[in-house]
1. Being small (Gly, Ala, Ser), farther than 23 Å from residue 486 by Cβ and part of a helix (DSSP H, G or I): is that true of residue 349 here?
2. Residues of segment 433-472 being surrounded by 18 or more Cβ atoms within 10 Å (Cβ to Cβ) and of a type outside the set (A, V, I, L, M, F, W, C), which ones?
3. Take the conditions outside any helix (DSSP H, G or I) and in contact with a Leu (Cβ under 6 Å, 6 or more places away or on another chain) and apply them to residue 376. Does it pass?
4. Which count do you get for residues in segment 213-229 that are touching a Phe, Trp or Tyr at 6+ places or on another chain (Cβ under 8 Å) and hydrophobic (A, V, I, L, M, F, W, C)?
5. Which condition does residue 335 not pass, out of (1) more than 23 Å from residue 477 (Cβ to Cβ); (2) in the same structural domain as residue 473 (by TED's automatic domain parsing); (3) assigned to a helix (DSSP H, G or I), if it passes all the others?
6. State whether one or more residues within segment 215-223 are assigned to a helix (DSSP H, G or I), assigned by TED's automatic domain parsing to the domain that holds residue 277 and modelled with pLDDT under 85.
7. So, residue 507, is that one more than 31 Å from the chain's Cα centre (by Cα) and either among the small types (Gly, Ala, Ser) or within 30 Å of residue 193 (Cβ to Cβ) (or both) or not?
8. Among the residues of segment 107-118, which ones are surrounded by fewer than 17 Cβ atoms within 10 Å (Cβ to Cβ) and within 23 Å of the chain's Cα centre (by Cα)?
Amino acid sequence: MHCTHCGTKNEQGALYCVNDGMPLTSSYGAQVTRRESKFCRNCSEQNSTEAVYCTGCGHSLEKISTAHKESGLHQTAAASDNSHGSTHSQEGAPASFQDIFQKDNLLHAAKWSGMAVAALFILTFIISSAFNRFIQGLIMDEISNEIGMSLSPDILQNLKLITASDVLLLGHMSGVSYGGDIAFASFYATTSSGLFLFLIIPAIVLILAGYLMNRNQQGSAMLPRLYKNISFALIYAVMIAFISLFGGASVNVPDPSGFIGNITISASYGFFSTLINALIISLIFTTAGAVLSVPRSASPGRNTNYGVSLSRAAANTAAGLAIMFFAAFIFISAHDEIKPSNTGERTMAVSQIGGYFWSLSQLSSISFDAQMDYEQVSAGYSVLGGAKTTPYDPYFEEDIKEFFGGFLWLLILIPLAIHFWTGGVLLKAGTGNLLYEIGAYAISFGIVNAAIVSISRFSITTNLSDSFTMSLGFSTFAVLLFSSVLAFIGTYAGALFFTSRANSNTASQQAA
């Protein structure tokens, strides 16, 4: 009896391969039979009748006949067709890309999307309530200090500066436009994107949803799981974008003095930007949850149609951001001069700096542009190029260098370590040309990180005090290029290391 995974010959009746420990029979009563044809179905290479694997392409020359225990349904599948992926999975997982848009799959995705949005509303309601109580307390303390007497907090109990829908939309990096009219003056403030801190809110719910949606699938192939997540992301993004139409608030405050007139303040969110952001965010985090649902025992040989390569790109991005948040916490804690005084500001600073650290660690350059009236300032920083300012300002450059410190290049080791480990994962899960699978991972990783950068580039335009415009972020194309190249180099190095290690172990076992 030959192992269908490595081709090693085993004793008749053995349950597991003596070489790699893979099962020689399945729980469904699999039987291995020889093909009558001597030609490989994958590359048409002629082989001897005793050959287990094709001498031309390495594909199996055996076929598996499987009998389903419960229904008695018989299936015949060629092992050489494993590269085409599984066509059956539980809970209505799409078998191909076209199935994503089938009615049953969309209805299934709508059920999970509805539960995810409901969970988010509960979470954001708790957060917004706590935030409003905190702001109301600050306002009442300020008014009490001004008039020299204590006032009851009940006066402002109906004042809600931020609602659950606001927190929900900010969590999806939605831009917001504020406008107001006071007497004869008007003001506005328009922002694009948001803060990484709010991104943690949907991440918690979506990773859990991705895990629960995919945990009961029998097949180990990642591509059907990824297709299911795409169906989910499409419905989920439409739901979040629909909420953005009603998320903006408009508040009319009666004139307290009788001289300046009523005060009007309004806020609104962009529909299409929210739609795109929600699609990207949901796909990344549900894929990370799907990776967690894959049993370790099903790891070998499951990278069909680059399913593992694509899913690892999203999962590694989520893991990298989490690690960088921790690195930012250590960075801020070690610098008393930049450490915020209260916990809320410190948490916001940790999340934002951690997000920027993740892109800087992949050799990208952060850029800052600000314009106030007729004065414009531009600055940039990268691990390799250092600090640059326009117009040249040596003091400003020195401040930037001092802020980032001289050890920031060490952050490059974090994504390199992730890619190096992924090289071993892809080597174990590979089903075809490993270079193609590494290339698919590297390109997907670059695209995912470029998408994160595009939705997290922060900008603000306002006429408060003076006309002011500011933007902060990374170049989408540069992140795509550098992330992909670094991912390919690190993953390829990891694959080479684990290949040599496996060969060494095999040689040691044969010598023994």
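1. When the stated conditions are applied, residue 349 passes them.
2. 437, 439, 441, 444, 446, 449, 454, 456, listed by residue number.
3. no
4. 2
5. (3)
6. The initial filter retains those residues of segment 215-223 that are assigned to a helix (DSSP H, G or I), namely 222-223.
Add one more test, that the residue is assigned by TED's automatic domain parsing to the domain that holds residue 277, and what stays is 222-223.
Those left that are additionally modelled with pLDDT under 85: 222-223.
Yes, there is a match, as at least one residue in segment 215-223 is assigned to a helix (DSSP H, G or I), assigned by TED's automatic domain parsing to the domain that holds residue 277 and modelled with pLDDT under 85.
7. Values: more than 31 Å from the chain's Cα centre (by Cα): yes; either among the small types (Gly, Ala, Ser) or within 30 Å of residue 193 (Cβ to Cβ) (or both): yes.
Answer is yes for this residue.
8. Taking segment 107-118 as the starting set, the residues that turn out to be surrounded by fewer than 17 Cβ atoms within 10 Å (Cβ to Cβ) are 107, 111, 114-115, 118.
Scanning segment 107-118 gives 111, 114, 115, 118.
The values are calculated or read from the model by the stated rules, or taken from the named source; none is laboratory data. If you're wondering where the values come from, they're calculated on a predicted model, not measured in any experiment. We place every Cβ from the backbone using ideal geometry, glycine too, and count neighbours over all the protein chains shown.
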